[in-house]
1. Quick query: amide H of residue 30 versus all other amide H atoms, modeled in the peptide plane; which residues come in under 5 Å with a sequence gap of 5 or more or a different chain?
2. Per residue of region 301-313, in order, report the coupling 6.51 cos²θ - 1.76 cosθ + 1.60 (Karplus, θ = phi - 60°) as ³J(HN,Hα) in whole Hz, putting x for Gly and Pro.
3. With charges set only on the Cβ (+1 for Lys and Arg, -1 for Asp and Glu), what does the dipole of region 2-114 come to about its Cα centre, in debye to the nearest 20?
4. Could you let me know the centre-to-centre spacing of region 47-72 and region 336-401, using Cα atoms, in angstrom?
5. Tell me, what HN-Hα J-couplings in whole Hz come from the Karplus equation 6.51 cos²θ - 1.76 cosθ + 1.60 at θ = phi - 60° for each residue of region 585-590, using x for Gly and Pro?
6. When we measure straight from the Cα of residue 335, which lysines land under 21 angstrom away, once same-chain ones fewer than 8 places off are left out?
7. Charges on Cβ only, +1 for Lys and Arg, -1 for Asp and Glu, centred on the Cα centroid of region 445-497; of 468, 480, 492, which one is farthest towards the dipole's positive end?
8. Can you give the convex hull volume per residue for the Cα atoms of region 2-114, as a whole number of Å³?
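Every read-out reported here was derived from the displayed coordinates using simple, explicitly stated rules and does not represent laboratory data. Quantities reported herein were computed from a predicted structural model and do not represent experimental measurements. When we count neighbours, we look across all protein chains shown, and the Cβ atoms used for this are built from the backbone with ideal geometry, even at glycine.
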Amino acid sequence: MYGITETTIHVTHHTLNPTTHHTPNTPSPIGQPLPHLTTHLLDTHLQPTPPDTPGELYITGPTLARNYHNNPTLTATHFIANPYGPPGTRLYRTGDLAHQHPTTHQLHYHHRTDNQIQLHGYRIELGEIENTLTTHPHITHAAATLHHDHHHNKHLIAYTTISRSVHRAADVMEQQVEEWRAVYDSLYGDRAATSLSEDFVGWDSSYDQRPIPLPEMREWLATTVDRITALGPRDVLEIGVGTGLLLSRLAPDCASYWGTDVSASAIAALDQRVARDPALGAGDGRVTLECRPAHDFSTLPEGRFDTVVINSVVQYFPNVDYLTDVITHAMAALKPGGKLFIGDVRNLRLLRCFATAVALTQAPAGTTPGSLRAAVDNAIRLERELLVDPEYFTTLTSAVPSIGAVDIRVKRGTARNELTRHRYDVVLSKSPVTPLATDRAPHLRWGEDIHTVDDLRDALAGRLRPRALRVTGIPNTRLTGELTALQRIDTGADPDDARHHLTAAAPTAGHDGSETDPDTGMAAEPDPEALHRLAEAHGYDLALRWGSDEGCLDGVFTTAGAPTLDLAAPTSSTPRRPASAYANEPGLAHATGAVVASLRSYLSERLPAHMVPSAVIALDRMPLTANGKLDRAALPRPTSPRSPRDDRRPHRWRHGCVPSSVRCSESPR
């Protein structure tokens, strides 16, 4: 039976038998009209269409309804005068496209001609859902569609754009800080028995959601401690002390160590551990712990510390202005000549590269290029962590005049994971300092002045041993696979082909500063960590920072014991950009998530249950055709949502949020 509510349910009937076979993706037979009804197949001019030619199905008869209750506009578009019947009779415009078989005269259903769909036996006007959504005070545009998942199940999905005013609300920043506070309290409240010296629970890879191998985490911790120890810390303030991974290694050699954290559970658990540890003074007052958010310096002494540490915390700041405020206060807390260490900063310039690698790793076989790009775009749009362009730190002296030197370096380590590929450390020195000027040091360009590691070795070991040597354009072999995969996706390659570049055998690092090809055994490209060993073998320290090209690094070799480096970029002739240009806005994702989460109850109060979408997806803008109309085919496919409690990045669990393709509000399971 084929039927619609407007004709008191049934319209046509068709007999099925065990031998009946229907070819998928072809018009479905719906038979002939019931005796008391008449059907017409008409074109856009209300003229009959020939047999076997599709036309819109119109119906008339005594069981046809009179109108839509209290909706004259919709009535006028669907109930029209009948040009083929007695005066006063009407035709109902179904919006269904069908044709009549030329010999059997059976009707065959094609599809809808408008935005009406059928789901679970209900005919649903998508326009009614869209209109209801746009009555919400924070929704600017809305679209609804029927989605078919890979199991061929149907789901009603809504898409919205959200007013920018909600993102500028004064309480958004406070809400985000409180959200992370709740997450940390929940996390640390159950971990009081964990060892103080080694707590890597929840440090999971964003690529495959598996724990990062313990040797890699130990290397990450060791290189971080080495970098801070090289600053000569004696009086330390650590913001975001967490479970005490750094405190347990640094505090024994310090005169004083203050640690703060937004989580009361973290501070309480850590305080108990410190009190039992003789190496930390066991209550002799050397270690001071306080619960406070990162921006609260209200009772901390100014000019008290020679080292301030903010490690693996910046990504949870609400925005770059919050970061600037924290840096300003941290510099004030330093003694003259003190150092602010900001560790594990996520690189904004590599966000698309990273999001593409994660999407490729997790995408099922057969994913189309368009679907993958849409997933990456939405992951970037809804990123809930703060990512910062390294150039931001080189511009800080105008906002924080007490900064005397800026030293930006990529993470050290032999491991190939997201920590070494996509993160960097920054040391800001408080004036007065006498930095080593490197802009006038001898300059070698990789690929022009030198081409191999042997060329570099000769430059370091030559008779004219330079006090400092700059080498620019060094290939960043850590990112070769991901950048190649990104380039392949951007040029329309099949994701399965692009994924191969992520999983191809990686060369192994040689001790001479090069990578060794696994097939030939010959030296290939320079490995970042092996370059450090090469420098040490010739009595140099090496500072590696991001180059102007994402696939390259710039290095500065300085003789061991040289003064403080200032690796800030030269003053640009272009106007300085606002701080917001150097970072993303995770507050947008938080504010968007709050609005989306409220929409289900909002719609449930105004629509029947069968018209409430199973998911709502927030977009920056609606995709449009060349004619300016909604391009429904370009709407991104939905994926399951994640919350901060579910998402994990490679840090102590608090430092994680895998970028989700879309932010949804789903039906309760």
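1. Those lying under 5 Å, H to H, from residue 30 are 107, 108, 109.
2. x, 7, x, 9, 10, 8, 9, 10, 10, 10, 10, 6, 10
3. Magnitude of the dipole: close to 240 debye.
4. Centre-to-centre (Cα) distance: 54 Å.
5. So the Karplus estimates, Gly and Pro as x, are 10, x, x, 4, 5, 5 Hz.
6. Here the lysines satisfying the reach criterion relative to residue 335 are 430.
7. The one lying farthest along the dipole's positive direction is 468.
8. Values: hull volume 13.7 nm³, N = 113.
Per-residue hull volume (Cα only) is 121 Å³.
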